[in-house]
Amino acid sequence: MIRIRGQIAVQAILLVSMAIWGLNVTIVKQLTGSLDPPTIAMLRMLVATATLTAIWLARRPALARLDRRQWLGLAACAFLMVYMNQILFTEGMVRTSATNGALIMALGPLVSAILAALAFRERLGPLRLFGVLLGFGGVAIIILGHSDSQLAVMGVGDLLVVAGILSFSCGGALIQGIARRLDPLSISVIIYAMGALMLIGHTGLWGPGYGGALPGSAWLWFLILFSGSVSTAIVNLIWNNAIARIGVARAAVFLYWVPVFGAAFAALLLGEHMGWNHLLGLVAVMVGTYLGTQSRNPV
């Protein structure tokens, strides 16, 4: 009975966490109306790094010695999962809607499953291949549902969000080898710190006028603090803990709620609406993700 109650509590926390991830898409979209994408990415990741560092200092996990190759691996993860992912995601959200961004992000588990299968030379059966095609077909439906006047701009934004997902998933595939030597919290602190430094360098490289203006209102600072600390740092730790408690297969099911919450918050807070292409694309992405992430095909 205690174990069942514990699992219910984990599932309830996961559902709330998925709602926060869905809300985060709307938050980033709102921030793009006042700030340049590199500034948003840099500030959010600095807040995430500070939050993770505070948690690390409170827990003080044992640190293993890492060789040069492992440090280079962490730097590559930081480049792909933090720097490139955040630049592509925020640049994409400038050009597309929060609804589109939330629905396209549902591709995350599917892309990760494909990369893992390729990395471990796992055979993709007909059912999984069909799921891959269906998932990406759903994204195509979402993108092509724009009017001709919107397609040139919003279509590019959608593709940038897809590229951000690909970048994050590639970095996630690299982490598996490093995770054998280092605990997840320490890995998170290191890659977010490195990624934040890369974003600072990016912002400084472009000079004043591009990514140079800081938020001018308390509301924008609140959104950045919430997005960086809660949505990025804390919810990611909750997600990793949930995987350890109930397993990745059960936890992954909750990812289906992210686009649902994301579209709902976009409609509620930004006044966006879902068209036929959003609904059809959402169904295709979610069914495709379910089929494409199955570890084996039914006999």
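The values are calculated or read from the model by the stated rules, or taken from the named source; none is laboratory data. Quick caveat, the model's predicted, so the values are computed rather than measured. We place every Cβ from the backbone using ideal geometry, glycine too, and count neighbours over all the protein chains shown.
Select, from ALA54, ALA62, ALA78, ALA102, the only residue that is assigned to a helix (DSSP H, G or I), among the small types (Gly, Ala, Ser) and surrounded by fewer than 20 Cβ atoms within 10 Å (Cβ to Cβ).
Selected residue: ALA54, the only one of ALA54, ALA62, ALA78, ALA102 that is assigned to a helix (DSSP H, G or I), among the small types (Gly, Ala, Ser) and surrounded by fewer than 20 Cβ atoms within 10 Å (Cβ to Cβ).
List every residue pair whose Cβ atoms lie under 7 Å apart, where the two residues are 6 or more positions apart in sequence or sit on different chains, the first residue falls within region 251-278 and is touching a residue at least 60 places away in the same chain (Cβ under 8 Å), and the second residue, located anywhere, is among the basic types (Lys, Arg).
Close Cβ pairs (under 7 Å, with a partner that is among the basic types (Lys, Arg)) amount to LEU270/LYS29.
Residue-by-condition table, conditions (1) within 13 Å of the chain's Cα centre (by Cα); (2) touching a residue at least 60 places away in the same chain (Cβ under 8 Å):
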{"site": "ARG59", "(1), (2)": "no, yes"}
{"site": "ALA64", "(1), (2)": "no, yes"}
{"site": "GLN70", "(1), (2)": "no, yes"}
{"site": "VAL82", "(1), (2)": "yes, yes"}
{"site": "LEU88", "(1), (2)": "yes, yes"}
{"site": "GLU91", "(1), (2)": "no, yes"}
{"site": "ALA98", "(1), (2)": "no, yes"}
{"site": "ALA102", "(1), (2)": "yes, yes"}
{"site": "LEU118", "(1), (2)": "no, no"}
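Only one residue in ILE200, ILE187, ILE175, ILE191 is touching a Cys at 6+ places or on another chain (Cβ under 6 Å), modelled with pLDDT of 85 or more and under 14 Å from ALA78 (Cβ atoms), so which one is that?
Just a single option satisfies the conditions, and that option is ILE191.
Can you work out which of the residues in region 23-57 that are in contact with a Phe, Trp or Tyr (Cβ under 8 Å, 6 or more places away or on another chain) and modelled with pLDDT under 90 is nearest to ALA233 (Cα to Cα)?
This residue is PRO38.
Select from region 203-242 the residues that are crowded, with 17+ Cβ neighbours inside 10 Å and modelled with pLDDT under 75 and write down the one among them that is farthest from LEU15 (Cα to Cα).
Of everything passing the filter in region 203-242, GLY211 is farthest from LEU15 (Cα to Cα).
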